[in-house]
Amino acid sequence: MAPVPIRFETPAYRAAYGRINAMVIVGEGLACRHFRLLAEAFPDQAGDLHRLAAMEAGHAREFAGCGVHLGIRPELALARRRFAPLHQLFLEARGQADRVGQVVIQCLIVECFAVAAYGAYLPVADAYAQPITERVMADEDEHLDFGERWLRPQMDAVAGAVMAWCARTLPVILAMVAPLRADVSALGMDPGALVGDFSALLCESLERIGFSPEQSRRLLARLLAQAAAGHWPASATA
Ligand code: PL3
Ligand code: FE2
Ligand code: FE2
């Protein structure tokens with residue numbers, strides 16, 4: 001099937017872009033804040049974490065530029081409301097001085113989601129946004145890697161906590177993106193493929209830090225069961 005050409009100037013595209021672009025800008029801004037808070041939780045790695053935070057601030061600026069380039073105003077207040085539960089969960093982990101929770105939420109789950117989302121956007125992005133998205137994706141890989149490198153050596157001690165935080169965070173992510181389904185489609189992306197890629201990336205990450213393929217698949221099954229229960233685009237397959 002030949003791909004349908006994307007018409008960046010239509011009102012439907014522009015309205016959807018204003019909402020999705022805002023999610024990206026707010027998500028990157030929160031990622032910056034989370035890495036600054038992680039720098040406080042990991043004083044011995046504060047320099048590195050401040051560097052990652054600065055990368056996130058750069059992402060927010062560059063994606064904001066993508067909206068400006070199209071002459072579209074992002075719906076930031078809506079995006080902030082949609083991201084609030086995820087930010088609250090991060091703050092809860094921080095409030096308990098739970099470093100595993102903070103790393104799982106930001107470095108594993110949010111970063112895997114970012115890589116899946118930007119990977120889905122890349123083939124349908126306009127010529128201005130495409131190289132930016134490609135560069136940002138490489139950065140997000142590094143952020144994921146930070147979390148994996150910290151978790152892997154202590155896996156025996158933290159496996160239960162990692163699973164528990166995944167189980168708490170995934171429904172929050174699902175609830176956040178479920179209302180984006182129509183907008184994701186309007187930009188030319190397949191919401192089902194997006195969740196499929198996200199689950200696959202998260203599974204691979206869990207395996208890299210030491211879970212067995214069975215354990216990661218069980219978590220994935222839980223995710224897809226929630227999808228079937230209506231919390232995620234129904235076309236999700238993985
Ligand atoms: C990590 O550095 C930042 C995480 C931000 C995640 C934003 C996700 C927004 C969801 C929108 C889904 C589709 C995609 C893409 C367009 C650029
Ligand atoms: Fe980022
Ligand atoms: Fe990131």
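Values computed for the structure shown
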| item | result |
| --- | --- |
| For residue 211: the one exception among (1) part of a helix (DSSP H, G or I); (2) within 27 Å of residue 152 (Cβ to Cβ); (3) touching a residue at least 24 places away in the same chain (Cβ under 8 Å) | (1) |
| Residues of the stretch 98-128 satisfying the condition of being touching a residue at least 60 places away in the same chain (Cβ under 8 Å), among the aromatic types (Phe, Trp, Tyr) and part of a helix (DSSP H, G or I) | 113, 121 |
| Selection within the stretch 185-194 - among the hydrophobic types (A, V, I, L, M, F, W, C) and open to solvent by 10 Å² or more (accessible area, probe 1.4 Å) | 186, 189, 193, 194 |
| Hits in the stretch 175-215 (condition: under 17 Å from residue 164 (Cα atoms) and of a type in the set (A, V, I, L, M, F, W, C)) | 202, 203, 206, 209, 211 |
| Residue within the stretch 11-27 that is open to solvent by less than 40 Å² (accessible area, probe 1.4 Å), under 26 Å from residue 207 (Cα atoms) and either within 20 Å of the chain's Cα centre (by Cα) or in contact (Cβ under 8 Å) with a residue 40 or more places away in the chain (or both) present | yes |
| Single unsatisfied condition, residue 133 versus (1) within 16 Å of ligand 3 (Cβ to nearest atom); (2) farther than 16 Å from residue 23 by Cβ; (3) polar (S, T, N, Q) | (2) |
| Top-ranked residue of the stretch 111-156 - restricted to ones that are more than 16 Å from the chain's Cα centre (by Cα) and of a type in the set (Asp, Glu), ranked as farthest from ligand 2 (Cβ to nearest atom) | 156 |
| Hits in the stretch 170-180 (condition: crowded, with 18+ Cβ neighbours inside 10 Å and touching a Phe, Trp or Tyr at 6+ places or on another chain (Cβ under 9 Å)) | 173, 174, 176, 177 |
| Selected residue (only one of 80, 33 is open to solvent by 30 Å² or more (accessible area, probe 1.4 Å), farther than 20 Å from residue 161 by Cβ and within 14 Å of ligand 2 (Cβ to nearest atom)) | 33 |
| Selected residue (only one of 93, 39, 57 is open to solvent by less than 40 Å² (accessible area, probe 1.4 Å), in contact with a His (Cβ under 6 Å, 6 or more places away or on another chain), within 30 Å of residue 161 (Cα to Cα) and hydrophobic (A, V, I, L, M, F, W, C)) | 39 |
| Residues located in the stretch 204-238, provided they are at pLDDT 95 or above and open to solvent by less than 20 Å² (accessible area, probe 1.4 Å) | 205, 206, 209, 211 |
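The values are calculated or read from the model by the stated rules, or taken from the named source; none is laboratory data. These numbers come from a predicted model, not from an experiment. Quick reminder, even Gly has a Cβ in these numbers, built from the backbone with ideal geometry, and neighbours come from all protein chains shown. For accessibility, only protein heavy atoms count, side chains too; no ligands or nucleic acids. Shrake-Rupley method; radii C 1.70, N 1.55, O 1.52, S 1.80 Å.
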